[in-house]
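All of the numbers you see were taken from the coordinates with simple rules; none came from a lab. On a predicted model such as this, the values are computed, not experimentally measured, just so you know. As a convention, Cβ positions derive from the backbone with ideal geometry for all residues, glycine included, and neighbour counts pool all protein chains shown.
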């Protein structure tokens, strides 16, 4: 459900074991933890007399089920979960995480986080918070401004169904829920309407809505698609529009592209990635994990999220935060990715599968 474009190879991000007796294992999306980050982190741990070395594990994060499996196996100490994963499917992932001591003296940067992002219900259990905000963004549509003008951009999500975009659009193959959210918005429904119906006990109504209206609309959207990307968005110059999380746009534009975020009047669904500690962490390794987390919510990394990955910073320390500055309601509850119910998840999977069979090859 989530991806990050390759910014460094896995091998390059795994530091060689030196004289450290313990390894602090970091499970992350690709691009979040650079070799330079590991060098800085391990230097900090050494200065504070921790005989511990931080390393990025393989495989890298790729989605909610995979992340759950890795965390459950006990193979990681720190994870970078997308917030809505934590309480998906009866909070099974939340049960693998420990409550974070947000007042720890090893995490002074926590006090610099945007307060409205530190107590979101999706990351809070009875005992307290199991997440630290890290950075976010939107699953939106980006326009190829090498071929389009401002006046030619779609204004409403509904415009994606227009003939002018047939065969000129790319969507994510695996990002089913955000794709269905586009369908819902085009039908003047909340983006997570099907999940809302299931959660309110209206399963029959949800199934009828899909059969009567939503399936056809999904089929028609998928028939607009030139190609479905898997892992990394497509920036083929045959395309006019592509879906993306936006994290690789800066690099693409530096290479000569002119991709611009489309500000739909309905808005775009948004996500927040977080830092989490495995339940088994304790003692010196837990203290080391707090030092690591503090580094990633510090000014240097948070500025990199904005300036190099095109993300939204969660910190008040950054010099600029354009996506949030331009839209203070960026993380509005209505547009925030939800911890999907398993039944709703299954319904959307079936919708996507059916639409895919009719999509343009």
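The angle separating the long axis of helix 299-309 from the principal Cα axis of greatest extent in the chain is about 30 degrees.
Distance between the pseudo-spin-label points of residue 162 and residue 188 (7 Å out from Cα toward the beta carbon): 2.0 nm. Beta bridges from DSSP with both residues in the chain: antiparallel share about 60 percent, rounded to the nearest 5. Estimate the FRET efficiency between residue 254 and residue 116 by the formula 1/(1 + (r/R0)^6), using the beta-carbon distance for r and 30 Å for R0, to the nearest 0.05. For R0 = 30 Å, the calculated efficiency reads 0.40. Each Cα pair under 8 Å and six or more residues apart adds its sequence gap; the mean of these over the residue count of the chain is a relative contact order of 26 percent. Legend: ranking of residues 255, 290, 91, 266 from fewest to most surrounding C-beta atoms inside 10 Å; resulting order 255, 91, 266, 290. At 7 Å along the Cα-to-beta-carbon direction for both residue 58 and residue 152, put a label point, then send me their distance in nm to one decimal. Rounded to a tenth, the inter-label distance reads 4.3 nm. The C-alpha atoms of the chain define a longest principal axis, and helix 176-186 lies at about 50 degrees to it. Normalised by the number of residues in the stretch 133-280, the mean separation of alpha-carbon contacts (under 8 Å, six or more apart) gives a relative contact order of 52 percent. Cα axis of helix 35-47 to longest principal axis of the chain: angle in degrees, 0 to 90, nearest 10? On a 0 to 90 degree scale, this one is about 30. Helix-only mean residue ellipticity at 222 nm, the chain, DSSP H runs n ≥ 4 weighted -39,500 (n - 2.57), per residue, nearest 500. What is it? Rounded to the nearest 500, it is -9000 deg cm²/dmol.
For the pair residue 308 and residue 207, label points projected 7 Å from Cα toward Cβ lie 5.0 nm apart. The residues 166, 269, 218, 274, when put in order of fewest to most other Cβ atoms within 10 Å, stand as 166, 269, 218, 274. With the Cα gyration tensor of the stretch 242-361 giving a ≥ b ≥ c as the square roots of its eigenvalues, does the rule (a/c under 1.5 for rounded; else a/b larger than b/c for prolate; else oblate) give rounded, prolate or oblate? Oblate is the answer for the stretch 242-361, as a/c is 1.5 or above yet b/c matches or exceeds a/b. Full extension of the segment from residue 263 to residue 73, taken as 0.36 nm per residue of separation minus the current Cα-Cα distance, would add 64.3 nm.
Listed from fewest to most Cβ neighbours within 10 Å, the set 340, 193, 85 follows the order 193, 340, 85.
For residue 145 and residue 51, the FRET efficiency from 1/(1 + (r/R0)^6), where r spans their Cβ atoms and R0 equals 41 Å, is about 0.20. Stretching the chain fully between residue 299 and residue 101 yields a gain of 69.2 nm (0.36 nm per residue, less the alpha carbon separation).
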